[in-house]
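Okay, so here's the structure we're looking at.
The values are calculated or read from the model by the stated rules, or taken from the named source; none is laboratory data. Remember, it's a predicted structure, so these values are computed and weren't measured experimentally. Quick reminder, even Gly has a Cβ in these numbers, built from the backbone with ideal geometry, and neighbours come from all protein chains shown.
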Amino acid sequence: MRLRLPEERPTEPPTGYKIAHPVLSQDGARAAFTGVSLGGALPYGVVADAACAYGLRHRPPHRRCDCGFHCVHERTAAEALLCTAEHRAAVLLQVTVLGAYIRFERGFRYARQRVRTATVGACACGRPAAALADSGWGLPGWRALRPSCAGCVRARPSVSPTAFARLAGDGLRVVALAGASDGPGASGATGAGGAGEALGVPELVAEAALLQARLDWFQTRLARLGEPGPGGPARG
């Protein structure tokens, strides 16, 4: 006797939450995400189809496999994962579950998804993030990014939340959490429009802070080049 899972036919696609690492292509022309566990070696775009991480030819999500995208039902459950040391640099994603899915007690395993919103946390120093900067690791052809404030970016490869949303495309919305001084729950949202399109004060402030931080870093480097060495004239 073959057991069949109960079928659901929702009027609207379910919504779920997950965490992921934002990544930037080597040439800086594409933005995507990569998972934090199974399938973490396979970057995916805003709209993506799942593939079996074990290389098997069945369609995800297969009942006898762990393949497919994964998400949880509750936002708070996904946010709790960001407390672990290895996931501090990840971002929170709100996704729409598309295609076939298997419902579990805490979430879904499913075939296709659309990332609606990416919420970026604070920099490791505790200040609000003004950019997504090179985190020091990556995958072949992809640099992993992490939230970074204007002062910590320095000369690392980075993109603003606005630029990341634009490069990812497909209507992705990026939300950068504001600092504690801005009040609880404050945030700045950026869309996927072109440069200078539909930018509000929070986005423009973040862009200006990022540019100023880079300018300060280059000025410091230039000043050091002009300092006289031990027992020698100044270097021009």
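Remarks
- Residue 122 vs. criteria in a loop (DSSP other than H, G, I, E, B), surrounded by 18 or more Cβ atoms within 10 Å (Cβ to Cβ), touching a Pro at 6+ places or on another chain (Cβ under 7 Å) and of a type in the set (A, V, I, L, M, F, W, C): yes
- Residue selected from the stretch 1-24 under the condition of a type in the set (D, E, K, R) and either modelled with pLDDT under 95 or touching a Phe, Trp or Tyr at 6+ places or on another chain (Cβ under 7 Å) (or both), by the criterion farthest from residue 92 (Cα to Cα): 2
- Residue-level check: of (1) out of contact with any Lys or Arg (no Cβ under 7 Å at 6 or more places or on another chain); (2) outside any loop (DSSP other than H, G, I, E, B), residue 117 misses just (1).
- Checked against (1) modelled with pLDDT of 60 or more; (2) more than 27 Å from residue 32 (Cβ to Cβ), residue 156 passes all but condition (2).
- Scan of the stretch 85-97 for residues that are over 14 Å from residue 118 (Cα atoms) and either touching a Leu at 6+ places or on another chain (Cβ under 8 Å) or modelled with pLDDT of 95 or more (or both), ordered by number: 87, 88, 97
- Among the residues of the stretch 146-183, those that are in contact with a Gly (Cβ under 9 Å, 6 or more places away or on another chain), surrounded by 23 or more Cβ atoms within 10 Å (Cβ to Cβ) and in a strand (DSSP E or B) comprise 146, 147, 174, 176.
- If you go through the stretch 125-145 and keep only what is buried (at least 24 other Cβ atoms within 10 Å of the Cβ) and either small (Gly, Ala, Ser) or more than 13 Å from the chain's Cα centre (by Cα) (or both), you end up with 128, 129, 130, 131, 133.
- Residue 80 vs. criteria out of contact with any Pro (no Cβ under 6 Å at 6 or more places or on another chain) and not in a strand (DSSP E or B): yes
- When residues in the stretch 79-95 are screened for being touching a strand residue (DSSP E or B) at 6+ places or on another chain (Cβ under 9 Å) and of a type outside the set (A, V, I, L, M, F, W, C), 4 of them pass.
- Residue match in the stretch 21-40 (condition: of a type in the set (Asp, Glu), in contact with a strand residue (DSSP E or B) (Cβ under 8 Å, 6 or more places away or on another chain) and surrounded by fewer than 19 Cβ atoms within 10 Å (Cβ to Cβ)): no
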